[in-house]
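The values are calculated or read from the model by the stated rules, or taken from the named source; none is laboratory data. Keep in mind the model is a prediction, meaning the values are calculated, not measured. So basically every Cβ, Gly included, is an ideal-geometry build from the backbone, and we count neighbours across all protein chains shown. To get the accessible areas, we keep the full protein, side chains included, count just its heavy atoms, and leave off ligands, DNA and RNA. Shrake-Rupley method; radii C 1.70, N 1.55, O 1.52, S 1.80 Å.
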Amino acid sequence: MLGVWLLLWGSVALGGRADTAFLRRAHDSSGHCTYSFTVASPVETACPEAAGGVPELRAELAALAARLSRLESRERGMGSSGPRGAESGGARDPQQVAAAARLEAALLLGVSPKENGHRCVLCSGRGHRAPDQGIGGQQPGTEPPEGGRSRQGDEGGWLSPAHAVPGPAAAPRWEPQPLSYQELQSERTEVPVSRLLEETALGRPGKEDSAGCGQLVWVGEPVVFGRADSIAGKYGVWMKDPEPVPPFTRDNTWRVDTVGTEVRQLFQYEEAEQLARGYPAKVHILPRPLESTGAVIYRGGLFFQPRHSRSVARYDLRGETITAEREIPGAGYHGQYPYSWGGYTDIDLAVDETGLWVIYSTEKARGAIVLSKLDPETLEIRRTWETNIRKRGVANSFLICGTLYTVSSYSAPNATINFAYDTATGTSRALSIPFENRFRYLSMLDYNPAERQLFAWDSFNMVTYPVRLARA
């Protein structure tokens with residue numbers, strides 16, 4: 001009967017105008033040998049309530065029934081030449097005859113056979129297989145081996161009618177069951193939120209820009225590089241030069257502890273690891289004390305705000321002298337328009353891919369952030385933008401590719417990058433990019449375009465944040 005069964009499904013493939021049919025066999029958990037089959041149908045519609053619902057399918061099933069009868073007659077005429085005939089000496093097993101009759105009735109009525117609790121569904125859609133469980137290590141939804149060749153052996157596999165082999169001696173007991181619906185299996189895959197945040201900002205997907213400019217879409221977790229060992233280092237600024245001049249390199253690291261009335265010491269380290277150990281290679285004594293945490297290192301110079309002034313100065317690291325100084329017209333200073341954490345952060349310098357910037361506010365701007373692009377040699381203002389972001393309402397800010405980004409809180413552990421102002425278009429937009437204040441007191445935040453990282457000072461700790469940019 002198994003030989004008839006395999007030939008029958010070979011006829012399904014031919015009579016149904018499909019490319020091929022497949023049979024799979026494997027042992028289930030209880031040790032029974034189970035068979036499942038797949039027949040691709042050319043009719044791309046839902047499974048019918050009964051075979052009579054689709055005339056073409058009904059005619060196809062009737063033709064299959066006739067084919068089955070001819071095949072059974074042929075097997076009876078062959079006697080013991082078939083594989084099952086060799087076992088029975090040509091005599092037909094009554095159980096096999098009953099199984100064939102039930103199978104024929106199932107095909108004519110459009111119902112689905114069932115064996116050992118596994119449902120085999122005859123669907124009209126192409127490519128459906130049953131049962132849904134993977135058998136013999138083959139996962140659901142995978143295709144048979146190329147060319148329809150079988151994987152023979154006890155582990156089971158895909159079998160085509162042309163290469164099928166006989167199964168065990170026990171004939172399957174098929175019990176027809178009405179097919180009232182098509183069974184589908186769904187799979188759910190959990191994706192970590194962190195991965196989604198890396199791929200999109202505010203639901204807008206972007207293509208990662210590994211080199212060049214783009215929009216900020218993700219900020220990673222902070223990495224600690226060093227820790228200040230005295231109260232003078234509760235607030236501070238640490239920096240690397242994205243465009244160094246000889247004899248300095250990008251490995252040189254710089255640090256200023258800013259707690260105190262006369263902040264003049266600039267610590268120089270050969271590399272960040274030396275900073276972590278706490279032993280500077282050199283200490284520069286600035287000719288004028290600096291105010292707050294807004295300083296940056298750029299093109300061989302330290303740019304800072306001298307104490308109690310609205311000016312910006314350049315200290316040359318090679319000559320160890322101030323080579324340029326310029327007043328920022330109308331800029332608030334010494335506590336007039338600081339960030340929300342205070343610290344006399346009225347004037348904040350920044351560097352990005354496009355050059356040197358100063359971030360401040362004026363009485364005319366009524367406390368809103370004002371941006372000016374500076375010439376790094378003369379400190380002359382090249383252009384100015386007035387935003388609609390209130391400076392006291394944000395904890396800190398930085399620039400990437402000509403866009404200003406602000407941080408919502410200096411102390412909340414789960415803060416956000418909450419606003420962006422694009423100097424190319426003169427427009428601002430709200431953001432919600434997660435930002436972690438691990439040590440709960442963010443006093444400095446700057447972007448380094450060479451390393452594509454944020455440098456921050458968070459309550460005695462010098463940390464970096466990886467970032468990801470994407471083209472819109």
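When you scan region 254-348 for strands (runs of 3 or more DSSP E) that lie fully inside it, which ones turn up with 2 or more residues that are within 25 Å of Glu363 (Cβ to Cβ)?
Those strands (runs of 3 or more DSSP E) span 301-304, 311-316, 321-327.
Give just the number: which of (1) under 24 Å from Glu377 (Cβ atoms); (2) open to solvent by less than 60 Å² (accessible area, probe 1.4 Å); (3) not hydrophobic (A, V, I, L, M, F, W, C) does Asp257 not satisfy?
With respect to (1) under 24 Å from Glu377 (Cβ atoms); (2) open to solvent by less than 60 Å² (accessible area, probe 1.4 Å); (3) not hydrophobic (A, V, I, L, M, F, W, C), Asp257 is out only on (1).
Is it the case that some residue within region 228-238 is open to solvent by 20 Å² or more (accessible area, probe 1.4 Å), of a type outside the set (A, V, I, L, M) and closer than 30 Å to Ile433 by Cβ?
Yes, region 228-238 contains at least one residue that is open to solvent by 20 Å² or more (accessible area, probe 1.4 Å), of a type outside the set (A, V, I, L, M) and closer than 30 Å to Ile433 by Cβ.
Which of the numbered conditions does Gln305 fail, given that it passes all the others? Conditions: (1) closer than 30 Å to Arg440 by Cα; (2) touching a His at 6+ places or on another chain (Cβ under 8 Å).
All conditions pass for Gln305, except number (2).
If we scan region 459-471, do we find a residue that is open to solvent by 40 Å² or more (accessible area, probe 1.4 Å), out of contact with any strand residue (DSSP E or B) (no Cβ under 6 Å at 6 or more places or on another chain) and over 19 Å from Pro242 (Cβ atoms)?
Within region 459-471 (the criterion being open to solvent by 40 Å² or more (accessible area, probe 1.4 Å), out of contact with any strand residue (DSSP E or B) (no Cβ under 6 Å at 6 or more places or on another chain) and over 19 Å from Pro242 (Cβ atoms)), the answer is no, since none of the residues qualifies.
Would you confirm whether any residue within region 226-244 is modelled with pLDDT of 90 or more, over 21 Å from Tyr441 (Cα atoms) and in contact with a helix residue (DSSP H, G or I) (Cβ under 7 Å, 6 or more places away or on another chain)?
No; the residues of region 226-244 include none that is modelled with pLDDT of 90 or more, over 21 Å from Tyr441 (Cα atoms) and in contact with a helix residue (DSSP H, G or I) (Cβ under 7 Å, 6 or more places away or on another chain).
All but one of (1) at pLDDT 95 or above; (2) open to solvent by 30 Å² or more (accessible area, probe 1.4 Å); (3) in contact with a strand residue (DSSP E or B) (Cβ under 8 Å, 6 or more places away or on another chain); (4) of a type outside the set (S, T, N, Q) hold for Arg299, so report the exception by its number.
(3)
Is it true that Tyr339 is crowded, with 23+ Cβ neighbours inside 10 Å and touching a helix residue (DSSP H, G or I) at 6+ places or on another chain (Cβ under 7 Å)?
yes
Which of the residues spanning region 352-377 are open to solvent by 20 Å² or more (accessible area, probe 1.4 Å) and under 38 Å from the mean Cα position of the chain (by Cα)?
Hits for region 352-377 are Glu353, Thr354, Lys373.
Please pick out the residue among Pro242, Pro287 that is under 24 Å from Ile328 (Cβ atoms), in contact (Cβ under 8 Å) with a residue 40 or more places away in the chain and surrounded by fewer than 22 Cβ atoms within 10 Å (Cβ to Cβ).
Just one listed residue meets the conditions, Pro242.
Of everything in region 302-324, what is open to solvent by less than 20 Å² (accessible area, probe 1.4 Å) and among the hydrophobic types (A, V, I, L, M, F, W, C)? Give them in sequence order.
Once the filter is applied, which keeps residues that are open to solvent by less than 20 Å² (accessible area, probe 1.4 Å) and among the hydrophobic types (A, V, I, L, M, F, W, C), region 302-324 yields Leu302, Phe303, Phe304, Val312, Ala313, Leu317, Ala324.
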